[in-house]
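Before any comments, here is the structure.
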Amino acid sequence: MITQKFLPFHSLEMKLTLTNHNFSTLLNSSFINLTRPFCSLSLSSSLSSSTSIKPQVPIFLRPPIYSTKLNDLKKWHNWAKNIAFSIGSSFVQSDNGPDSTILCRELKWFIEDVVENHHSLFSQVGDDNEKVKMRADIEELYCLWKQRIEERKPFQYIVGCEHWKDLVLSVQEGVLIPRPETELIVDLVSDVVSKNEGLKRGVWADLGTGSGALAIGIGRVLGDGGKVIGSDLSPVAVAVAGYNVQRYSLQDKIELREGSWLEPLKDMEGKLAGLVSNPPYIPSKEIPVLQAEVGKHEPRVALDGGIDGMDALLHLCDGADLMLKPGGFFAFETNGEKQCRELVDYMKSNKSASLCNLEIFADFAGIQRFVIGFHR
């Protein structure tokens, strides 16, 4: 596993003093004309099929076809850094958002993705008129960093990707950003299939696949003949997942289907070797108070689990009963210990004839996060 490049939204440990005195002035400074609608990167919700959607290419994968003077890049960097410093701890105090330290770290990563040969770029002695090759135009850099600060757009959506396990996955607005804790589902599956050749060669399903993270992670641990079906209600998610599947050359192992939960898998009833999901599990009343990067930008359909957050989870229990073959395995992510206990109690009371060997597993932070089990 590589080092996590982008911090999870809940990992906001470093806090600075509020220094928001010149934030508005910096955002509105006229280093460059920002009147053009340059960075309209979100996709139209009117698109009815994933086949008509062209996923956004992450910045680090774009060719360095742009160039700007080193002096102009330094001006942008100083502007962006000053804005980051001006935030202080105001976002932390508002909704546990990122502080200046985290924003400055993101700025460093942003430069690494955008600028070719970025090493020691600002410390070297050289001609300020020297041309620097970049993967985005200087105007786009101003626009994107303004979105990061002013709109609280997630950094992953700014650069178009997220580092997850040993993968770098394309993400964009309309697609849930995969979290580090979800990586453990792949580890749980890997452990199970290492002991069961039948499950290793079987057909698995990832319901609500989003960026395709779980489908790709599981696809890589299955043996020859093992397959994964990833499904999602969102055509944007299916398109982005398809892009990620192709990047990792797993088209022969992973099939993507558009539709709600079990609806696209009617042909697999009683045939699945495994079923996994990171479903929406946040109670509806908690959505408005989430960190702005999450609540205002990530798709609500991927977050909102209903009144108590259990709607999708209970549906998935019914799906495991219906879709898994005898001996099949399931693993679901939850909001924490309370939901884990409720889910296990539900299955013991209503699915004991079909689902067994139920266990709860903790995430990296020690929070009871996952419920696993088998079909009899």
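The values are calculated or read from the model by the stated rules, or taken from the named source; none is laboratory data. What you see is a predicted model; the values in this text were computed from it and never measured. FYI the Cβ positions are ideal-geometry reconstructions off the backbone, even for glycines, and counts take in every protein chain you see. The protein model used for the area step is the full one, side chains on, heavy atoms only, and it has no ligands, DNA or RNA in it. Shrake-Rupley method; radii C 1.70, N 1.55, O 1.52, S 1.80 Å.
Listed values, structure above:
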read-out: Net charge contributed by nearby residues that have their C-beta within less than 12 Å of residue 71 (K/R +1, D/E -1); value: 0
read-out: The stretch 174-204 residues near the modelled residue 315 label - backbone nitrogen below 17 Å, point 7 Å along Cα→Cβ; value: 176
read-out: Extension gain (nm, one decimal) between residue 365 and residue 137, 0.36 nm per residue minus Cα-Cα; value: 78.1 nm
read-out: Global size of the stretch 172-375 as Cα Rg and Dmax, reported in angstrom; value: 15.7, 45
read-out: Accessible area per residue in Å² at 1.4 Å probe, computed on the stretch 172-375; value: 39 Å²
read-out: Order of exposure, largest accessible area first, which applies to 317, 143 with probe 1.4 Å; value: 143, 317
read-out: Potential extension, residue 179-residue 201 segment - 0.36 nm per residue separation minus Cα distance; value: 5.2 nm
read-out: Rel. contact order, % - alpha carbon contacts under 8 angstrom, at least six apart, the stretch 59-159; value: 44 percent
read-out: Accessible area of the stretch 172-375 belonging to carbon and sulfur atoms, whole % at 1.4 Å probe; value: 50 percent
read-out: Length-normalised contact order of the stretch 172-375 in % [C-alpha pairs under 8 Å, at least 6 apart]; value: 19 percent
read-out: Angstrom value of the Kirkwood radius, inverse mean 1/r, which spans all Cα pairs in the stretch 263-365; value: 14.7 Å
read-out: Alpha carbon centroid spacing (whole Å) that separates the stretch 280-305 from the stretch 319-376; value: 23 Å
read-out: For the stretch 59-159: rounded, prolate or oblate by the Cα gyration tensor [a/c cutoff 1.5]; value: prolate
read-out: Diffusion coefficient, µm² s⁻¹, Stokes-Einstein with Kirkwood Rh over alpha-carbon pairs of the stretch 184-282 at 4 °C and 1.567 mPa s; value: 98 µm²/s
read-out: Theoretical FRET efficiency, 1/(1+(r/R0)^6), r = Cβ-Cβ of residue 57 and residue 341, R0 51 Å, to 0.05; value: 0.75
